[in-house]
Each structure stands twice: as C-alpha cells, then as structure tokens.
Amino acid sequence: MRIMTIIIILTSFAACSTISTFDQHAYTQTTSLKVDALNIMSMASDDFNTHVSDVKTLKTNLQKAYEYEKNRPLNKITMQMWDKLLNPEGHLLGGFLQRWEEKGSMNEVFVNEAKKQVAEAFDLIAALESGKIKPKDIKQ
C-alpha cells in the first residue's frame, strides 16, 4: 500500500519535472546496498570489534551511493529518504550501526526486527527510483 502511494505521487511529480528521471545505476546501487546492509546487520549479535572492517566497507559504499544521489538534479525526495536511512541518531541503518558499535553486540531478536525496518526503507528508496519516468519515455 505504501509503495503504491509513493508510485502515484512520483508519477504526479515526474509529470511536472520536479523529480529526477529513472537512473539504472542508482537503482542497482540501492538494491545491492540493501543486501550488503542486511548481511552486515545479521552479524550484529557478534562482537562489533570482529566486524569493524565489514562495517567500514559498508559505510564507505553507502557514502559513495549517497554522494552519487546528492549530485543528481531534482533528487530532493530521494535525498531525504537516504538522510533518514543513514542518520546515526535515527532508528534505521545509521542508528543501528552506531548502537552496535557503542554496545558491542546486539540481541538477535532486536537485530531481526531492525532488519525488517531497514529492508523496508531500502525498498522504498528502490521503489521511488523505479517509479520515476524513464528518460526514453519523456516527451519533448
């Protein structure tokens, strides 16, 4: 239901040229990073110190995707979604990674619930991207 609402909103925005067009690279990055993030989160019941390198690599790849998205024109809505996902003070991926580092390890039940929320956030970003007008479909 939430995804359909986003797609309808996107269609309206795209018609007014207030949102960027579809970008295959952005979509691929988002779906790939979702898999990487969920795999790293699955390790959070272990001691953080044993996965510092994995988390660092994930954060670097997230920063690369963020920079790519930030420099696309008409991409404000997507950037707001990425900001929410990556906020270290928030309740999604950024906050999860921050808390894991601070606490050392996480309860497996908490990890599984957090993964569901992070997965949904990535899915919403991917749905936003896939719902954008394809450059070949723009009528000039």
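The values are calculated or read from the model by the stated rules, or taken from the named source; none is laboratory data. Since we're looking at a predicted model, the values are computed, not measured. FYI the Cβ positions are ideal-geometry reconstructions off the backbone, even for glycines, and counts take in every protein chain you see.
In the set (1) assigned to a helix (DSSP H, G or I); (2) out of contact with any Asp or Glu (no Cβ under 7 Å at 6 or more places or on another chain); (3) modelled with pLDDT of 95 or more, I6 fails one condition alone, (3).
Every residue in the range 81-99 that is farther than 12 Å from A121 by Cβ and not basic (K, R), please.
If we filter the range 81-99 for residues that are farther than 12 Å from A121 by Cβ, which is where we start, we get 88-89, 97-99.
Those that are farther than 12 Å from A121 by Cβ and not basic (K, R): P88, E89, L97, Q98.
Taking H25, is it under 15 Å from the mean Cα position of the chain (by Cα) and not in a helix (DSSP H, G or I)? The answer is no for H25. Evaluation of S105 against the conditions (1) in contact (Cβ under 8 Å) with a residue 60 or more places away in the chain; (2) of a type in the set (S, T, N, Q); (3) surrounded by fewer than 17 Cβ atoms within 10 Å (Cβ to Cβ); (4) within 30 Å of P135 (Cα to Cα) shows that the sole unmet condition is (4).
Is there a residue in the range 39-46 that is surrounded by 13 or more Cβ atoms within 10 Å (Cβ to Cβ), free of Cβ contacts under 8 Å to residues at least 60 places away in the same chain and part of a helix (DSSP H, G or I)? So that I can check it myself, show each step before the final result.
From the range 39-46, those surrounded by 13 or more Cβ atoms within 10 Å (Cβ to Cβ) are 40-46; that's our starting set.
From what's left, free of Cβ contacts under 8 Å to residues at least 60 places away in the same chain: 40, 43, 46.
Then drop every residue that is not part of a helix (DSSP H, G or I), which leaves 40.
Scanning the range 39-46, I find at least one residue that is surrounded by 13 or more Cβ atoms within 10 Å (Cβ to Cβ), free of Cβ contacts under 8 Å to residues at least 60 places away in the same chain and part of a helix (DSSP H, G or I), so the answer is yes.
Residues considered: Q98, Q63. Of these, the only one that is in a helix (DSSP H, G or I), out of contact with any helix residue (DSSP H, G or I) (no Cβ under 9 Å at 6 or more places or on another chain) and without any contact (Cβ under 8 Å) to a residue 60 or more places away in the chain is Q98.
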